[in-house]
Amino acid sequence: GESVGLHLPTLSVQEGDNSIINCAYSNSASDYFIWYKQESGKGPQFIIDIRSNMDKRQGQRVTVLLNKTVKHLSLQIAATQPGDSAVYFCAEKTGGSGYALNFGKGTSLLVTP
Amino acid sequence: DAGVIQSPRHEVTEMGQEVTLRCKPISGHDYLFWYRQTMMRGLELLIYFNNNVPIDDSGMPEDRFSAKMPNASFSTLKIQPSEPRDSAVYFCASSPRPGLGTEAFFGQGTRLTVV
């Protein structure tokens with residue numbers, strides 16, 4: 001989800017459930033995507049990345065899915081834990097030969113016991 | 001490696017004063033980025049450097065903002081004069097050269113409050 005105004009979209013899940021966080025990107029020429037996790041008072045932290053020649057990539061408890069047809073990216077977190085509570089950002093690499101990342105507004109994940 | 005180091009962590013200043021934010025990137029990373037984060041606008045790229053050379057500064061809000069990278073281990077972001085609307089968290093990030101992945105490693109940020 002993308003934020004509107006002051007409020008981030010919030011996803012509330014119970015501990016142990018799976019979480020799915022969605023992101024729509026804008027640039028059809030983007031060739032690299034990253035998911036970042038940001039905890040309160042900290043900088044964004046890398047979770048997982050995927051290149052545009054792939055449609056799925058798995059990490060430890062996380063899976064990223066890429067649908068280039070509709071320019072959609074999702075992050076799946078298995079067996080969500082309280083420590084997963086944070087704001088999650090998707091980012092796309094834009095700018096041709098440049099290496100700057102364009103970030104989405106973020107989704108707040110709240111894990112309840 | 002200690003990661004990207006930013007200083008200060010918090011800065012409170014009066015409108016009109018000069019503010020200098022500092023960053024030490026991860027050793028060996030050829031790219032350095034300055035981002036600004038606000039609730040309204042999210043994470044915005046201000047400027048980035050490759051091998052100490054500014055590549056894209058199109059995100060710098062106005063002439064009051066300037067950034068330098070005198071060497072591979074140090075960068076500054078300066079705001080002169082500062083205004084209340086500059087209040088935000090400013091992040092510095094560094095990234096290894098292409099071919100080794102382009103993920104950016106972020107510092108802890110500097111929370112700037114201009115009153």
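Could you tell me which numbered condition A:Ala24 fails, if it satisfies all but one of (1) within 12 Å of chain B (Cβ to nearest Cβ); (2) touching a His at 6+ places or on another chain (Cβ under 8 Å)?
(1)
With B:Pro81, B:Pro96, B:Pro54 as the choices, which residue is over 23 Å from A:Leu8 (Cβ atoms) and either without any contact (Cβ under 8 Å) to a residue 40 or more places away in the chain or basic (Lys, Arg) (or both)? Working first, answer last.
Details: B:Pro81 fails: either without any contact (Cβ under 8 Å) to a residue 40 or more places away in the chain or basic (Lys, Arg) (or both); B:Pro96 fails: either without any contact (Cβ under 8 Å) to a residue 40 or more places away in the chain or basic (Lys, Arg) (or both).
Checking each option against the conditions leaves just B:Pro54.
Check whether at least one residue in segment B:62-85 is modelled with pLDDT under 95 and outside any strand (DSSP E or B), and report yes or no.
Yes; the residues of segment B:62-85 include at least one that is modelled with pLDDT under 95 and outside any strand (DSSP E or B).
So that you can scan it fast, the table gives a plain yes or no per residue for (1) farther than 26 Å from A:Lys37 by Cα; (2) more than 14 Å from chain A (Cβ to nearest Cβ):
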| position | (1), (2) |
| --- | --- |
| B:Gly28 | no, yes |
| B:Met40 | no, no |
| B:Ser66 | yes, yes |
| B:Phe91 | no, no |
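Restricting to segment A:37-91, give me the number of residues that are basic (Lys, Arg), at pLDDT below 95 and either closer than 13 Å to A:Ile20 by Cβ or in a strand (DSSP E or B) (or both).
Count: 1.
Quick one: in segment A:77-94, of everything that is under 16 Å from A:Ser108 (Cα atoms) and of a type in the set (Gly, Ala, Ser), which residue is nearest to the other protein chains (Cβ to nearest Cβ)?
Applying the filter and picking the extreme gives A:Ala91.
Please work out which residue is surrounded by the most Cβ atoms within 10 Å (Cβ to Cβ), limiting yourself to segment A:57-98 and to residues that are without any contact (Cβ under 8 Å) to a residue 12 or more places away in the chain and under 21 Å from B:Gln37 (Cβ atoms).
Restricting to residues being without any contact (Cβ under 8 Å) to a residue 12 or more places away in the chain and under 21 Å from B:Gln37 (Cβ atoms), the top hit is A:Gly95.
Just need a number here: residues in segment B:24-61 that are assigned to a loop (DSSP other than H, G, I, E, B) and surrounded by fewer than 21 Cβ atoms within 10 Å (Cβ to Cβ). Give the derivation first.
Kept after step one, since they are assigned to a loop (DSSP other than H, G, I, E, B), are these residues of segment B:24-61: B:25-30, B:39-41, B:51-52, B:57-61.
Within this subset, residues satisfying the condition of being surrounded by fewer than 21 Cβ atoms within 10 Å (Cβ to Cβ) are B:26-30, B:39-41, B:51-52, B:57-61.
Qualifying residue count for the region: 15.
The values are calculated or read from the model by the stated rules, or taken from the named source; none is laboratory data. These numbers were taken from a predicted model, which means no experiment stands behind them. Here the Cβ is made from the backbone with ideal geometry for all residues, glycine too, and neighbour counts use every protein chain on show.
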